[in-house]
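The structure under discussion appears below in the form of structure tokens.
Read-outs: derived from the displayed coordinates by stated rules, not from any lab. All of these numbers come straight from a predicted model, not from anything done at the bench. Cβ coordinates were reconstructed from backbone atoms using ideal geometry, including for glycine residues, and neighbour counts include every protein chain displayed.
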There are 2 protein chains.
Amino acid sequence: MPDITPDTPATALISARWVLPVAPRNAVLDHHSIVLAGDRILAILPTATARTAHPDLPETVLDHHALLPGLVNAHGHAAMSLFRGYADDLPLDTWLNDRIWPLEGRWVDAGFVADGTALAVAEMVAGGTTTFSDMYFFPEATAAVALRAGVRAQICGPLVRFGNAWAPGPDEAIHQSLALHDEFRDSGQIHVAFGPHSTYALDAAHLSKVATLAEELDMRVQIHLHETAEEVAAARRETGERPLATIERCGLLSPQLQAVHMTALEPGDAERLAEHDVSVIHCPQSNLKLASGFAPIAALRAAGVRVALGTDGAASNNSLSMLREMHVAAILAKAVAGDATALPALDVIEMATLAGAQALGLGCEIGSLEAGKSADMVAIDLSGVASEPVFHPESQLVYATTHSAVSRVWVGGELLFEQGRHLRQDVSAVLASVRRWRDRMQEVV
Amino acid sequence: MPDITPDTPATALISARWVLPVAPRNAVLDHHSIVLAGDRILAILPTATARTAHPDLPETVLDHHALLPGLVNAHGHAAMSLFRGYADDLPLDTWLNDRIWPLEGRWVDAGFVADGTALAVAEMVAGGTTTFSDMYFFPEATAAVALRAGVRAQICGPLVRFGNAWAPGPDEAIHQSLALHDEFRDSGQIHVAFGPHSTYALDAAHLSKVATLAEELDMRVQIHLHETAEEVAAARRETGERPLATIERCGLLSPQLQAVHMTALEPGDAERLAEHDVSVIHCPQSNLKLASGFAPIAALRAAGVRVALGTDGAASNNSLSMLREMHVAAILAKAVAGDATALPALDVIEMATLAGAQALGLGCEIGSLEAGKSADMVAIDLSGVASEPVFHPESQLVYATTHSAVSRVWVGGELLFEQGRHLRQDVSAVLASVRRWRDRMQEVV
């Protein structure tokens, strides 16, 4: 991947009051500059040194900002942003069975997914997210929106037992996912994965088929796993084994697996996940809002499990702000561990960047600010009454800022968002389509 | 209090897409207007009716906003905003004993409190808070800042066993609190209360003295109580009783008591608190961040306990945004209760407004949008990629918005904040003083 050499010509400087490169771990650099070479990072230097070495380059000066890798939202259902706030304060099974699934049956088509994803991407970019994972129907529509908007995406072809508007059954869904994978084989921007919904929504035979194909084609697999204690208990009643055991029996316990949620664990589970290099995707706000449970994040990390962060869909959060997810993850992990030193700020920032990139198989390309990697970056303004004084910028990023502090977002060196303005998306058109969907859906509420 | 009659002349209209008056409970009004009479609310009418009845009044039109009562931040330590992010990711006892208390000993004086409170008030106003409770040294400096900034405050004279820069001992602190209470006897803006820190930081004799004086003078009492299980265990070891029992023995269990935190409860405690009409002040973000524990909010409310919300100080949060506190309170209560229907959005909004006002003894004056009450209001913009589509504005307010969506804030009909601008505070001067404090404190880190 890094085809940068010391002789590659530099093209621009981005200089920030603080740079948090994530790798090396825990580094917080004062007054440093990113030297860009097109879409890549050529070097990170003290700003004075960078200016001396590159006196003629255009320079973006970020006087009171922290510059960090673009955030990686490792789990979500982007199009569900159109359902934001439609059915809150309900238990998970009622929410899914009585509200969300009937709503999806009524409304979801490729146009819905395109419009909903455009809304989600606009929100994510404005919040500093440069790469997101998605699991939803019509994944080709999701991919098209991400491509146009200039962001990176892992697109998980959704696999469920029942037929739906996108695929008449799981075999067809697997087939369509493979076709999509083939289409984006050479894309640096779109990465196609399998998205078996859960062990309760897909049978073991199809899970095994996914395992075989994923290994053969080196594809990632993302699944909702142990989201609630009730899911685990029901699986035990109906199949005699826990979902984690089913996953293992089907051959899915591997470095390619992204296990989303994992609130209900037993002794030994964390070690088992670590041994197989499985990634856990933690969605703390969704887990709290749906009363799903408390994922033992400090214990998972202590066992050596890679933990990434996801917002889940806007229908169960109801925000796609990774900064908010980072904040809730950080404070919740402490209370769950009974240890206020658990999951310090810099560790949460790593979860939201490099760990997410690694979970998605993109750890060599993005997730940290290192020479040779893609210039996916976010600048966050730490000035103002809500975040000053600044003693430790990482504390401010995790515990005090919100998405409104995001001032600039780049993917592959391209500026996508600047001071409240989206440079690639027509947000007025996006919002106009969102309001039309709301009006249509409201008519039948 | 309400000296408004139907003949009182109207002075202005404020018309909003949605009005959430809080009283009557659960009301969400479409296209309604607040009719102002100076600093009071004269009526709430459908906008078309209001315009017909008052064709010549100046009107503020809030097309895509929710208008609700100003938020009441029922617990905090405003001046500690100057310590924001100074010492994070530490356990409560280390944080207090090794970092915060030595820092306070070194730096806290009336000037520090004035500057820190100015920062906190600027942040709170920008976040929609119109009334805050404060417990900190030099409460007269806090009161002066609140008065100048145009916000309401409950100022708790801090009572601790040890001498400090403000008072040589608890008797003097009580005396100074009484003097302050006398000074603001006729103020509608400043309300002076007693602030015994905790049962571990003040002896029973002084707690009893506070109880007697509070009853005599009808003053409120705010105390940190059962913040952690360890606090309760230590009290049992050292005194043979739990802090709640000490409080009761000292005569403090009354409607005037504001019990802050209450994470460690036993069966029967909720009923006892309800029976004595004690208010509980819930600070979920501080409880999580310091790993203090999980307050059983749904159970407390089910037992009939009034629960208000507070941000705690910026050193243990690290934000004074009540919208963020509301969000975390709402989602955490569901997970703690194991019930996704617990603490729905409108209940959280009531906690952050009317319940807070009632806890502070101001329930007849503020906390809801009702004829006769003071026009303390906040308008929150629900348009944009982070909060559309809007099906239920209360869902958006609690689950999706952040302080950056606050567009206008009024106290007693006076506009204090408009579209990012503070109209009473010189924020540049505030931030300049904050940076000077940071530089001074950083020198000795």
Part-to-part distance (alpha-carbon centres) for segment B:97-111 and segment A:294-337, which is given in Å:
33 Å
Please list, in order along segment B:191-202, the HN-Hα scalar couplings obtained from phi with the Karplus expression 6.51 cos²θ - 1.76 cosθ + 1.60 (θ = phi - 60°), rounded to whole Hz, x for Gly and Pro.
10, 9, 10, 8, x, x, 4, 4, 6, 7, 9, 8
Rounded to the nearest Å, the spacing of the alpha-carbon centers of segment B:372-445 and segment A:362-395 is 24 Å
Give the shape of segment B:221-264 as rounded, prolate or oblate, defined through the alpha-carbon gyration tensor: a ≥ b ≥ c are the square roots of its eigenvalues, a/c under 1.5 means rounded, and otherwise the shape is prolate if a/b is larger than b/c and oblate if not.
oblate
Which far-off residues, 5 or more places away or on another chain, put their amide H under 5 Å from the one on B:Ala193, with H placed in the peptide plane?
B:Ile155, B:Cys156, B:Gly157
Sorting from shortest, the nanometre distances separating the label point of B:Ala233 (7 Å past Cα along the line to Cβ) from those of the same residue in the other copies are 2.9
Chain A: most fluctuating residue of A:Arg435, A:Arg220, A:Arg424 per GNM, C-alpha cutoff 10 Å:
A:Arg435
Along Cα-to-Cβ, 7 Å out, sits the label point; list in nm, shortest first, how far the one on A:Asp171 is from those in the other copies.
9.1
Quick one: of the DSSP bridges fully inside the protein assembly as shown, what percent are antiparallel, nearest 5?
45 percent
Which residues among segment B:59-95 fall inside the zone where the amide N is under 20 Å from a point 7 Å beyond the Cα of B:Gln419, along Cα→Cβ?
B:59-68
Just how large is the dipole of segment A:310-407 about the Cα centre, in debye to the nearest 20, putting +1 at every Lys and Arg Cβ and -1 at every Asp and Glu Cβ?
160 debye
Points 7 angstrom from Cα along the Cβ direction at A:Glu266 and A:Glu172: gap in nanometres?
3.8 nm
Residues A:Ser428 and A:Asp93, FRET efficiency given R0 of 51 Å [Cβ-Cβ distance, rounded to 0.05]
0.85
Apply the Karplus curve 6.51 cos²θ - 1.76 cosθ + 1.60, θ = phi - 60°, to the phi angles in segment A:85-93 and return the couplings in whole Hz, x for Gly and Pro.
x, 6, 8, 9, 6, 10, x, 3, 6
In degrees from 0 to 90, rounded to the nearest 10, what is the angle of the helix B:229-239 Cα long axis to the longest principal axis of chain B?
40 degrees
May I ask you to report, in nm to one decimal and beginning with the shortest, the distances from A:Glu59 to the same position in the other copies, taking label points 7 Å along Cα-to-Cβ?
5.4
Listed by chain and number, the aspartates and glutamates with an alpha carbon less than 20 angstrom from that of A:Lys209, same-chain partners under 8 positions apart left out, are A:Asp171, A:Glu172, A:Asp182, A:Asp218, A:Glu241, A:Glu248
Just name one of B:Ser254, A:Pro158, A:Val385: the one whose Cα is farthest towards the positive end of the charge dipole of the protein assembly as shown (beta-carbon charges, Lys/Arg +1, Asp/Glu -1).
A:Val385
So for chain B: antiparallel DSSP bridges make up what percent, rounded to the nearest 5?
45 percent
For A:Arg306, list long-range residues whose amide hydrogen, built 1.01 Å from N in the peptide plane, is under 5 Å from its own amide hydrogen.
A:Val280
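Per-residue ellipticity at 222 nm for chain B, helices alone: DSSP H runs ≥ 4 residues times -39500 (n - 2.57), over residue total, nearest 500 deg cm²/dmol?
Helix contribution divided over all residues of chain B: -10000 deg cm²/dmol.
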One finds, for A:His31 and A:Ala303 with R0 = 35 angstrom and r their Cβ-Cβ distance, a FRET efficiency to the nearest 0.05 of 0.40
The ³J(HN,Hα) series, computed from each phi in segment A:364-381 with the Karplus coefficients 6.51, -1.76 and 1.60 at θ = phi - 60°, rounded to the nearest Hz and given as x for glycine or proline, is 8, 10, 9, x, 8, 9, 9, 3, x, 7, 5, 7, 9, 9, 9, 10, 10, 7
Putting +1 on Lys and Arg Cβ atoms and -1 on Asp and Glu Cβ atoms, find which of A:Ser395, A:His175, A:Leu119 reaches farthest to the positive end of the dipole of the protein assembly as shown.
A:Leu119
Mind checking the mean number of beta-carbon atoms from other chains within 10 Å of the Cβ atoms in B:284-291?
5
FRET efficiency for A:Cys364 and A:Leu217, Cβ-Cβ distance as r, R0 = 22 Å, nearest 0.05?
0.75
Euclidean distance between Cα centres, segment A:31-53 to segment A:157-223, Å:
41 Å
